[in-house]
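The values are calculated or read from the model by the stated rules, or taken from the named source; none is laboratory data. Only a predicted model underlies this, so the values are computations on that prediction, with no experimental measurement involved. Here the Cβ positions follow ideal geometry from the backbone for every residue, glycine too, while neighbour counts run over all protein chains shown.
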RNA sequence: GGAAUCGUAGCUCAGUUGGUUAGAGCGCCGCCCUGUCACGGCGGAGGUCGCGGGUUCGAGUCUCGUCGGUUCCGCCA
């Protein structure tokens, strides 16, 4: 079937057949206009009473009816041209028209114009929501995005290999989706959270470079930038690589190409900075900084160490200078304060520099030399504002990290047409888990600690051990995570031993992989890009469900298909499962 | 699991300090209209104000609970 795109403009005075959906109907009594829509666009059909049969059909049409029509493509008179649509110079004078299918009145808005229906309804009737031109565009753009990635990976000698969907439960990380085994009652497969172990085994299997647009499954609560259930990664791995820099430099050109050519956006910096994790936390309060703007965290701890103001008598005092911030209203500052509290601060001290005076609820508690130190260190000028965080160091970083984003949003500093990339490197191998009050893996147990066995054994404070592990950040979104992998069983046992796990535990959990490492495993490194999230960032969207054809909602429910759902007793029996009946007393 | 916020017509929303018969735009139904393009005009139908309890002479409005949506925290190797 021919499309309704502007190629029709070249077929003036020809008879064409077109099909599509009724986008709108304008009935003038003796003359009817139909805007016919397909995936490529809209064209105006004109129906007059002279073609009586077609006219009768057109009179009965309503929004979203499916019709087919034949007619002459006619150039519109100059005053009748519509410059707002690509086919606005022409129209089709209908000769015959068939109603192919009717539509009930719609439960959702299928037009980009006007207010969108609630997301709940959009997801329940996703097949209608997908008819919107912007959603059609997303689907097409995504296919193009995939093509660019595949072409790049192919050209760089990566081999596309699919790995199993029915895999094994992994003890670390996110919650698994379990699949009962019929042939092995009481046993379960798990859907892979990532093809991590498989791709490492491919390296042992002699594959030099692997990639896959890999489905990943995690049973964790979703967010605006995190899908529930399944999502996709551009997953890759390279053998005989023992330096993360090689992986980073291999993948960077692809991401730059996606930014400049695919998304048609400006890179803030051609050189992609490498920022050690510690530095990122100190300067930006987060390991995924949005570098489209500065607003760095400035450490004032030393300058205020003798300060008698009680609020500043904390292990750490830092500040953010907000250029032009003195014009913040009382209400805005109250909202910032509320946000600071939500992130764990007691309050939000500030100084406004206005007309060469200092306006601040805390100025009276500070000595002149302290005010001077603040101004010197922050570089605050007239018209600026300085906001403070004072607490334990990690609390200050977290609070001011959140404030930094809020200030940028308020001032419109995050330019939609720009993309800022960076690599965060040198993640701590271990971190302290406050929840259970013990040491745990910072990211994952598969990366190689820098310094190897010696570092693991001899570093006094295990928190000082770093891994050759790296994340790529795009406009404040973590879009990639990778590492140089541990391919040495001895080191693997040792990194678990630090956490108190014995060899038997490690062997039971990672037996398949550890076994493989005994047989000449090459060094290898790789990474995985969260391509849903990256696509969202490239397209300047903020809801990740908007870029997926059939996403689940915030409760993990597919409103359209009604999953999850109950299954037959027979299916449960075959899977050797029993549903626990609720205790009526509880 | 926690917090914030929302839930009124098919859709998007308004609804004042609690007060007569709960409104608008779009959509739907009927009539009129030969140059509109989100056509226009006239008329009409359509509501258990998410659900349940409470306060009150009186609740869409206040209150408690509950269910559902969204966002954030926890969580996401």
Among residues of the stretch A:232-241, those that are more than 13 Å from RNA strand B (Cβ to nearest atom) and either without any contact (Cβ under 8 Å) to a residue 60 or more places away in the chain or not in a loop (DSSP other than H, G, I, E, B) (or both), counted: 5
Which numbered condition residue A:66 fails, given (1) over 24 Å from residue A:141 (Cα atoms); (2) free of Cβ contacts under 8 Å to residues at least 60 places away in the same chain; (3) crowded, with 17+ Cβ neighbours inside 10 Å: (3)
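Matching residues to (1) out of contact with any strand residue (DSSP E or B) (no Cβ under 9 Å at 6 or more places or on another chain); (2) surrounded by fewer than 20 Cβ atoms within 10 Å (Cβ to Cβ); (3) closer than 18 Å to residue A:350 by Cβ; (4) free of Cβ contacts under 8 Å to residues at least 24 places away in the same chain:
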position	(1), (2), (3), (4)
A:273	no, yes, no, no
A:280	no, no, no, no
A:284	no, no, no, no
A:289	no, no, no, no
A:293	yes, no, no, no
A:296	no, yes, yes, no
A:306	yes, yes, no, yes
Subset of the stretch A:100-124 [crowded, with 16+ Cβ neighbours inside 10 Å and more than 9 Å from RNA strand B (Cβ to nearest atom)]: A:110, A:124
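Taking the conditions exactly as written (within 16 Å of RNA strand B (Cβ to nearest atom) and surrounded by 16 or more Cβ atoms within 10 Å (Cβ to Cβ)), does residue A:142 satisfy them or not?
On the way: within 16 Å of RNA strand B (Cβ to nearest atom): no; surrounded by 16 or more Cβ atoms within 10 Å (Cβ to Cβ): yes.
Taking the combined requirement at face value, the residue does not satisfy it.
Among helices (runs of 4 or more DSSP H) lying entirely in the stretch A:475-586, which contain 3 or more residues that are at pLDDT below 95 and within 15 Å of RNA strand B (Cβ to nearest atom)?
A:489-498, A:503-517
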Search result, residues across the stretch A:431-460 that are in a strand (DSSP E or B), within 23 Å of residue A:525 (Cβ to Cβ) and either more than 13 Å from RNA strand B (Cβ to nearest atom) or over 27 Å from the mean Cα position of the chain (by Cα) (or both): A:449
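Which of the residues belonging to the stretch A:88-99 are closer than 24 Å to residue A:131 by Cβ and near RNA strand B (Cβ under 10 Å from one of its atoms)?
We begin by selecting, within the stretch A:88-99, every residue closer than 24 Å to residue A:131 by Cβ; these are A:88, A:90-92, A:94, A:97-99.
A:88, A:90, A:91 - these are the residues of the stretch A:88-99 that are closer than 24 Å to residue A:131 by Cβ and near RNA strand B (Cβ under 10 Å from one of its atoms).
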Residue that is surrounded by the fewest Cβ atoms within 10 Å (Cβ to Cβ), among those in the stretch A:193-215 that are touching a residue at least 40 places away in the same chain (Cβ under 8 Å) and within 12 Å of RNA strand B (Cβ to nearest atom): A:197
